[in-house]
Structures are given as structure tokens and as C-alpha cells.
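The values are calculated or read from the model by the stated rules, or taken from the named source; none is laboratory data. Since this is a predicted model, take the numbers as computed values, not measurements. Because the Cβ atoms are built from the backbone with ideal geometry, glycine has one as well, and the counts that use them run over all protein chains shown. Each accessible area value is taken on the protein alone, full model and side chains, heavy atoms only, with ligands, DNA and RNA left out. Shrake-Rupley method; radii C 1.70, N 1.55, O 1.52, S 1.80 Å.
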Amino acid sequence: MTSLFPHLQAGSNDHRPVARVSVAVERGIDRYPDGLAYALPAALADVVIGERVVVPLGRGNTETVGYVIERQDGPPSSDIPDQAKLKPVLRRDREGTGLPPDLVALARWMASYYCCPVGMALAGVLPAAVKKAVGLVSRTLVDLPLEGDVPTAPTAPPTPAAEGGGGEGGAEGPPRKVRLSPKQRSVLELLRSLPANERPIELRTLAERAHLSTPAPIRGLIAKGLLDARKVTAVEAAWSGEALDAPPPPELTARQAQIVDAIAGTLDQGFSSHLLFGVTGSGKTEVYIRLIERTVAMGRAVIVLVPEIALTPQTGGRLIRRLPQCTVAVLHSGLTAAQRHQQWVLVAAGQAQVVLGARSAAFAPVPEGRLGLIIVDEEHDSSYKQDQAPRYHGRDVALRRAQLSGCPAVLGSATPALESWHNATVRGVHHLHTLPERAPGLRLPKVEIVDFVEEVRARRATAPDRRVHLLGPRLERAIGETLQPRDGSAPGQVLLLLNRRGYANYIACADHTCGWMMQCHHCDATMVCHLDARVRRGAFVRCHHCLSEQRLPEKCPRCARAVTVFGLGTQRVEEELARKFPSLVPGKTMVRVDSDAMHGLRDLHATLHRFGTGELRLLIGTQMIAKGLDFAGVRLVGVVNADTAISLPDFRASERTFQLVSQVAGRCGRGSDPGRAIIQTFNPDLAPIALAARHDYVGFARQELAERERCGLPPVTRMVRFVVRDRDLEACVAAAETLANGLRQIARGLEGGEAVRIHGPAACPIARIAERHRQQVEAIAPTAVQVQRLLAAARDEGIVRPGEGLAVDVDPVGMM
Ligand SMILES: [Zn+2]
Ligand SMILES: [Zn+2]
């Protein structure tokens, strides 16, 4: 935001207040709902909403940065004591850190909806890299002064310029006596000899080329007026999409064309929301691309959200290739801070037509009035939910943003979240568009459910070894046939999913009459055994909640007998694969993809690239590999154990299991061969597994929604989850009881409050993490409005103060 009155900024001392402003500071001060009040001095009269300013905070008047979120013109009234005492805004923060007004409005909505301080919501909007000016470089450019500006002629005679840049440097007129050092003379000579296109030149480069050890001689010349200097600030260019040949666009199916036309018809009609429900491989991306083209043709910009993990160069590259006429900005956590900053500036300057990113790209600073469409791909994905304050859901923030900016939003998925499905089919909030078939040439894979109990029996009968086999005979055979087909056809690639990291998730005494099982000292959870060649005995144990680590004990601490490990883990499957298939070499032809093995997104991207080239034949991983991957060579997808989520005490366990099995099965058959999916389970008849195998989302959604309705659970109702944390158990329980009672009292006073249910307090499923006890309280209400009224009243009355000791999660996704 450029100031219109730069002369009024620094150094001006016109302190007369001309307006009152509300400033939201980024500290977690819960001043609900409006920031802190300050007086705006005349010198800063042109400060607008969304700008960052420096204000004095607290008794010590600590200089603190905050956002202007509201402004009321006119001098504060001296009759009103509160206004007379207002402290003044001190100055502006650095330029380029302001936010457009619609983003300020979005942050204020988040603060109220997700129950967090408005400053915290705003802090989440602006990337730290922009705030801290990472990658921002300040350079001094120097040049010879223009003729006429020159106060003196230097001592040396003018040198003819090399490439027609002459005349400018050699000043005419009577020489005046200016003392120049030999170094300074050589600088001037060098500068005159430079071709015009190399001037002005950066001060440091000039010093280097003149072989100076310090820039002091040049600064001397600037001081004497013999050189012009100006400072420029720019963000280092750091990222650009690869320019690749655009493939010819595929022809749309009749159904795709119909959907594109229906949604495109709403592009200039203000806000609307659409759910694009299409089976995996049905060509949702093609629908997105056509909609993007139409929006860009109208001179407007598009934000595309994808789950963080799906944000591979594959996704970005495909979009960039298909939209060669567009500048695509990419925002995700795999970028360096400087790259993030550069991409942000590109968007803020209105130079990007398309912004592609993970959940935080919902805050991309598209200039006001320019946003034409928001797309949320794989909208069901749980990575859209931020698991720390502000606990927002990227999809829901995107919908709100579209509403504030007056443009359509398109949510796409093969397995829509029940929230979105309910909104589309029951509440009529979203328009529903369905792509029921795979794109021409693609067929859905054949999904085989394997009863693991049978598999174990079969294994015992044929080869009675006492080893643990996580791969049953059927999956094992299928892997062998895919890697090396007996009929001589081309070998295929394999994806194996097991949603559990590590080697084994139980460490216990070998003597079960003793009953010792290893628990984390800091949490109420079992420790997980991890293999690591670098440690003694080749293994250590880790807690997946507080991340504390220990050595694997040699003996049971109770009875001194041996210790065994059992249970599932990706490392154990990897070990078994290497043992059974000599062609699978860890790290060479087979890679484990989970958060232990992958060090950041770049590592993941590199691995997926190697899988794409065919160098890797098999990936074994957690749900990281179930998301949005699209590789034509995959002929077999295996789920080692589909039951890992189903037994969790979480009302979304069925939904998650259905999504996982459907999504992972959808990863195969992207080429001409439909491929096979094999699902190992101890519960073959369980609805989410059986229905996922039949690709029956609608049937699953009907059944599951009926169940939620029966239990009064979201999405039929709305929920807030409060988690009280304290090192002291009694204090924790007492605080949770006070909270629950306070909420009950408020609910009684609300209109329709008898329909609001407050559950708890009760211990969380994981009752202690990192030494802190955890008690939960749940509030369930028929509508979002009732939830919001309850929260607003609870904040007003000081019953709910989100912070260290209390986490407030509105529309929670995880219940552990
Ligand atoms: Zn722990
Ligand atoms: Zn024991």
C-alpha cells in the first residue's frame, strides 16, 4: 500500500488525532470481537483498513505491530474519557505487508467463527516470510549524473563510451577543484566505459569490478554529488514454473461439457457454491481447467486449493502446461521462505491469474474485486483442517472467502465429506454436479476384499512357519505377478498402504501372565518400536504423541524376561517385502513413504518423481500415498490392513475408512489396464469396507448420514470440542467442570437453547500428552448459528478464554 503523502510519514510531528482506529495485534490477546482502540494522528491520516502499523502496547508502551481493522473518522471526543486517553498509532510498518479489505473481513469472520483472537487469525493470513521480509533485498544503484546536474567535471578526460552510451558522462564546462583519490578516479573511468545497458549499476558490483576492497570510495563520490544513487527494494526472484509444451486438450465428454457450462454460467453471478462429485479418474481436473480458462478470459483470477500432500510438481506442472497463457503462483510449505514471499508479492501485485496452494492459499492476497473463482480439490481431505489455533478448515474458509468476494466456489471429490454431501443433497446449499463414470479409456479397478483370518489359516496350512506375515498369500502372489508377469506382459508398479508408521506398535513382556506393556512416561499411550540401523540393537521406541524416544528395553522391567514387539508398521512391511521379493531393494527399487522416512515435501516430490520414471517399482506408505497420485504404471494397489482407523473412538471412523479404501483403490487403473486393488481386513462385512469395494459412495453416505442423524452428530448437527489441559489432574478436571457448567448455564439462556447439548467433562481418548492431562467438553447444537451464539456469549462472559490451557475446536475433525 503506497502512501499518498510520503512526506508526512517519518519525521512528521503532526500529532493531532483525526480518526479512531481498531488495531488487532498479533499477540494472542482475546479482545473479542474488535481489536484495541488507538488515535490516528494527522501525519498518518491516509492509513487504510488492512495496513500494518506500529502501536504502543500495555503499561510499558511496548512497540507492537498490528493491523488496522476498523476506522472511524473525526477527532476522538474529549468529552468521552475513554477517547481522550487514546494512545496514538506510532507509524506504519514496512510497505507491502498490508492486506486487502476482503481478507481483513475474512480474518474477522474466522476470529468469531473459530473462536480465536482476531490478531491470531490475521497472523495466520500473512505468511511469516512476508512479515519478516525474507528474501527482500535492498540494493543501491549508482550512475553518472545526467548532464546539467553535474557540479563539477572530474579530473580525467572523458572516455568514449563503448556502445553508444556516450555524451552523458563527459560533462562539459570549466573544471572545478574537487579532490579525488586515484581509486575514485578509476571508478569514474570504469563507469564511463560501461555500455548504456549496464547502467545504472549496483554499488557492490561496481566496487567489485573496480577492485575496491570497500565501497567507501564510491560512497565518497555519491556524497560529493559526482554520482547519482538510488535505493531499490525488491523480492528476489526465486521460483518460476517450468515452461513446457502444452499437450492438446482432451475432448470433453457430454457430461463434463454440461457441468462446465452450468458452473461457468454462474461466473458473473456473484456467490454460489457447487459440489462436483466424480468417481476417481472421471476427469474432474479437466472440468477445473476449463472453468479456470473461462474465468481468466473474463480478466479475473482463480484460487485452486489442493491437499498439501497432493501438491506435487505433477499437479502444478499439469496446470501450468495446460494454461500456458497464465501466470500460476504456487503457495505451499515446501517453498523456501524467500520463494513464498516472492509468490505472495506476485499475487498481491495482481500478476498471477491462477494461485495454486494448500489450505493457506485460501488467504492469497488477490487484489480486491479480481477474484473470480475458488476451486477446492479433494475437499474431503482432513489436511484442510489446521490442527492448531486458529483451527480453521480450508474448505470452509474458501467458501466464506468466495462469499465475501462475490464469486463461485467449486468443491470437488470422489468421496465428498459428509458435511458437503449433506449441504448439497439435504440442505440444498451447494449445487450438485455428478460425474458418474471414469473418463473414456479408463475403467474402475476390480476391488477384492480379502478376509485376513482366512489368509492366516491358508498360510498355516501350506507353509507352517512361525514368522509373522503381514502380507497374506493372495496379496503376496499379486505383488509377485505384477512385478514379474508370467505371461510376459510389461511389469507393473505397486502401491501398498498401511496407515501406521514404525515397525510395531506394541512392546510387551514375552510372558503374558506378567502383562507388562511399554507406555510413554509422559502420555497415556503405548510406545511404537522403530528400526534404525544407527542405534544399538537396531531399534528404538518413540511416542507418536509427545515424540519422546527411548532405547528398546532388553528385559521386562517387572519380571526380567525377554521383551517382544508385535503389531503393525510400515517398516515391518518393508522388511517383509525385501525378504520375499529379491527385486525389491529398499531405497533403490522400493521406498517407504511416511513422515519418518520423508524429510519434507521436497523429499516426497523427489520420491514420486522416481516412481513416475519407473525407477521405483513399489511404494509402501501411510495415507500420504492415497492422495491424488496419478501414475499410469500402477497395476496393483494393496491395503495391508483396512482396520487401522475403524476401531478408534471417533464418530468419523467409518467415513475415514471408506474414504481411505476408495481413494487408494482409485490410484490404480490410470492407464489402459484397470488394475487390481486388494484390501486385507479382519472385518470383510463391515459397511464402509464392503461399500468402498463396490465404489458405492451414495449408498455409504445414505447409511452413514442416517446413523449420524440417529445419534445427533455432525453434519446433521454442529459441534464444538473444548480440550482443557493441565499438568495437575485435579485442576484440569475442576477447570473442565467449571467450563461445562458455565456453558450449560449460557445454553439455558439462549433462544432454542434447550436443543443445545453439553457433554462432559470426560477424559480425552488420549488422556495425557506430554505430561499434561486432557479433559474434553463437547457442545452440540442443531445449527451453526446456535453454536456461534453460545461461543460469543461464553467469550463475553469470560467462560471461554482460548489459550495455553484451553483449545477450542469448532467443527472438529479429529476427536482424539
Ligand atoms: Zn509421549
Ligand atoms: Zn514381564
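In table form, for the structure just shown:
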item: Amide H contacts of Glu70 (H built 1.01 Å from N, under 5 Å, at least 5 apart or other chain); result: Ser22
item: Selection from Val573, Pro586, Gly612 lying farthest towards where the dipole of the stretch 552-617 points positive, charges on Cβ; result: Val573
item: Taking the stretch 695-816 and dividing mean pair separation by its residue count, relative contact order in percent (alpha carbons under 8 Å, at least six apart); result: 35 percent
item: Residue-by-residue Karplus 3J(HN,Hα) for the stretch 368-381, coefficients 6.51, -1.76, 1.60, Hz, glycine and proline x; result: 4, x, 9, 6, x, 6, 10, 10, 10, 7, 6, 5, 7, 5
item: Amide H partners (placed H, <5 Å) of Asp643, local residues excluded; result: Phe682
item: For the stretch 486-523 versus the stretch 776-794, the gap between their alpha-carbon centres in whole angstrom; result: 40 Å
item: Debye, to nearest 20: dipole size of the stretch 319-465, +1 on Lys, Arg Cβ, -1 on Asp, Glu Cβ; result: 360 debye
item: Percent antiparallel among DSSP beta bridges (both partners in the chain, rounded to 5); result: 55 percent
item: The stretch 333-418, accessible area per residue, ligands and nucleic acids excluded (1.4 Å, Å²); result: 25 Å²
item: Accessible-area order (highest first, 1.4 angstrom probe) of the listed residues Ile49, Ile320, Ile625; result: Ile49, Ile320, Ile625
item: With all protein chains modelled, accessible area of Val125 [1.4 Å, Å²]; result: 10 Å²
item: Within-13-Å neighbourhood charge of Arg467 [Cβ basis; K, R +1; D, E -1]; result: +2
item: Sorted peptide list for 183-192, 597-606, 780-789, criterion being average Cβ within 10 angstrom, highest first; result: 183-192, 780-789, 597-606
item: Cut-off under 5 Å, modelled amide H: who pairs with Val376 long-range; result: Leu305, Val410, Leu411, Gly412
item: Acute angle (nearest 10 degrees) that the helix 784-796 long axis makes with the longest principal axis of the chain, alpha-carbon atoms; result: 60 degrees
item: Debye, to nearest 20: dipole size of the chain, +1 on Lys, Arg Cβ, -1 on Asp, Glu Cβ; result: 1660 debye
item: Estimated vicinal HN-Hα couplings, Hz - the stretch 339-352 in sequence order (Karplus 6.51, -1.76, 1.60; Gly, Pro = x); result: 5, 4, 4, 4, 5, 4, 5, 4, 5, 4, 7, x, 8, 9
item: Percentage relative contact order, the chain, counting C-alpha pairs under 8 Å, at least six apart; result: 10 percent
item: Gyration tensor (alpha-carbon) shape descriptor, the stretch 685-762, a/c threshold 1.5; result: oblate
item: Per residue value of the accessible surface for the stretch 487-558 (all protein chains in place, 1.4 Å probe), Å²; result: 52 Å²
item: With every protein chain in place, the chain: carbon and sulfur % of accessible area (1.4 Å); result: 51 percent
item: Percentage relative contact order, the stretch 660-756, counting C-alpha pairs under 8 Å, at least six apart; result: 12 percent
item: Dipole of the chain [Lys/Arg +1, Asp/Glu -1 at C-beta], most positive-end residue of Val661, Leu483, Val810; result: Leu483
item: Within straight-line cross-link reach of Lys580, aspartates and glutamates at Cα separation under 19 Å, skipping those fewer than 8 residues along the same chain; result: Glu455, Asp465, Glu476, Glu481
item: Residue order for Lys385, Lys132, Lys224 - accessible surface, 1.4 angstrom probe, largest first; result: Lys132, Lys224, Lys385
item: HN-Hα J in Hz across the stretch 414-429 - Karplus 6.51, -1.76, 1.60, θ = phi - 60°, x for Gly and Pro; result: 8, 9, x, 4, 4, 4, 5, 5, 4, 4, 7, 9, 9, 8, x, 7
item: Alpha-carbon centroids, the stretch 556-598 and the stretch 186-202: separation in whole Å; result: 64 Å
item: Exposure ranking of Asp511, Asp387 by accessible area [1.4 Å probe, largest first]; result: Asp387, Asp511
item: Principal-axis tilt of helix 729-749 within the chain, Cα atoms, nearest 10 degrees; result: 80 degrees
item: Nearest 10 degrees, 0 to 90: helix 284-297 Cα axis against the chain principal axis; result: 20 degrees
